[in-house]
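Asker: Quick one: structure below, then a few questions.
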Amino acid sequence: MRLLNRHVVIALAAATGMGAALLILSPILPALKEFYGVSNALLGMLVTALVLTHALVQIPGGVVVDRLGARWSLTLALTLAFVGSALPYLNQSYPLVLAARVVVGLGTGLGFVASLKYVTAHSAAQRAGLTQGFFGGLINVGCIIPFLISPLLLSIDWRLVFLFSALLFLLPLLALLIWGQEPAGGRAETGLSLGRVLKQGPVWALGLCHCLYFGVTMTVATWIASYLVSLSPEGMLLAAAGLWGSLATGFSALGRFVGGFTLRLVAPQRLILGSVFMLALAFALLVASSQVGWSVFLFVLVYLSSSLTFASVFWLAYTLAPRELAGTSIGLVNSIASLGALLFPVAFGLILDQTASFAWGFVFLMILSLGGLAPAGFLYRRANREAQAGPPAGASGAPFIQAP
């Protein structure tokens, strides 16, 4: 099976569209503020409406994917995302745009689970981790696209941003309708899929590890500009410091791409455990850091360590559960991870308010990372026990200890 068959290309295109949809409004927020004349809080709701809906739909979306099948679930997801993206181009009233963002969030939340299951099932077993790494990396690449295309669209008509986002969903949707194919053994015919997956301890361990990775990435991306401004004795310009914050997406994309290749050489459990250790080390060093250059290096280490494991986490989420329940497993892992993205940046800000010191915030992240050694170590020890006992092959045909 080729690495980039038509099914893989469809799922990767969907991933790019989902990434773009997450931040499609960020570059045009000033234009929206002028158009609507509303507060910044109401503007922020246009962004968070999608993010929160995307997070909340992960678990029920996984159940839908397992029951309906990956192909038709992805078709439904892309349809929702396309309609939600296109409607604001036709009518720009604030309530409609807000409702449309919720619809897009439903589409991206369901689409993440459906497309990840679809791309994995249509990849050769030895290349599944690699395609998952590309999938995760292209979500990050999609997040960059709005910032690249918005200057051109704004020079013509800011409403074209909505049409552009809709186009990114329409193309894979049409391809899926024409060439899509349901993977073999991809539907759960009987039983309660969520209940069966909830009993899988390793799936919870994966969710906690990914919660750490996703949470620290969002926390550092949120606060890096403010930290560098406070650290620079020359008073670094906020715009210059903010550049490093924008590079977070690029480093995360690089880490996910590299992680897909690394997974072919290193067992996923080892990569997960090693990445957690590197995060704890990086934050421990940041506590005592007082130089901009050294701090930037450590932030790059954080970005890479937290993103290298994307393919490892979701490869294991796919293989730990029976094939027909893989969507529910993926949804549960990503739902747990969303808690870190929502809570860690807020907690860091509260610590900063109370202590007026970024060092204590890094202590907090170091403690979280040390805590992450528990679920990561559980996965590693379980893999070693199964390797020594010679377990039967999992749903993918690959033993738990081996890289795909």
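Just so it is clear, none of the values below were taken in a lab; they were calculated from the coordinates. Quick caveat: nothing in here was measured; it's all calculated off a predicted structure. Using ideal geometry, Cβ is built from the backbone for each residue, glycine included, and neighbour counts are taken over all protein chains shown.
Yes/no matrix, rows are residues, columns are (1) buried (at least 23 other Cβ atoms within 10 Å of the Cβ); (2) in contact with a Ser or Thr (Cβ under 9 Å, 6 or more places away or on another chain); (3) more than 29 Å from Y213 (Cα to Cα):
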{"position": "V65", "(1), (2), (3)": "yes, yes, no"}
{"position": "W72", "(1), (2), (3)": "no, no, yes"}
{"position": "V103", "(1), (2), (3)": "no, yes, no"}
{"position": "L116", "(1), (2), (3)": "yes, no, no"}
{"position": "P146", "(1), (2), (3)": "no, yes, no"}
{"position": "P151", "(1), (2), (3)": "no, no, yes"}
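Asker: Give G109, G129, G142 a once-over and let me know the one that is touching a His at 6+ places or on another chain (Cβ under 6 Å) and in contact (Cβ under 8 Å) with a residue 24 or more places away in the chain.
Answerer: When all the criteria are applied, what remains is G109.
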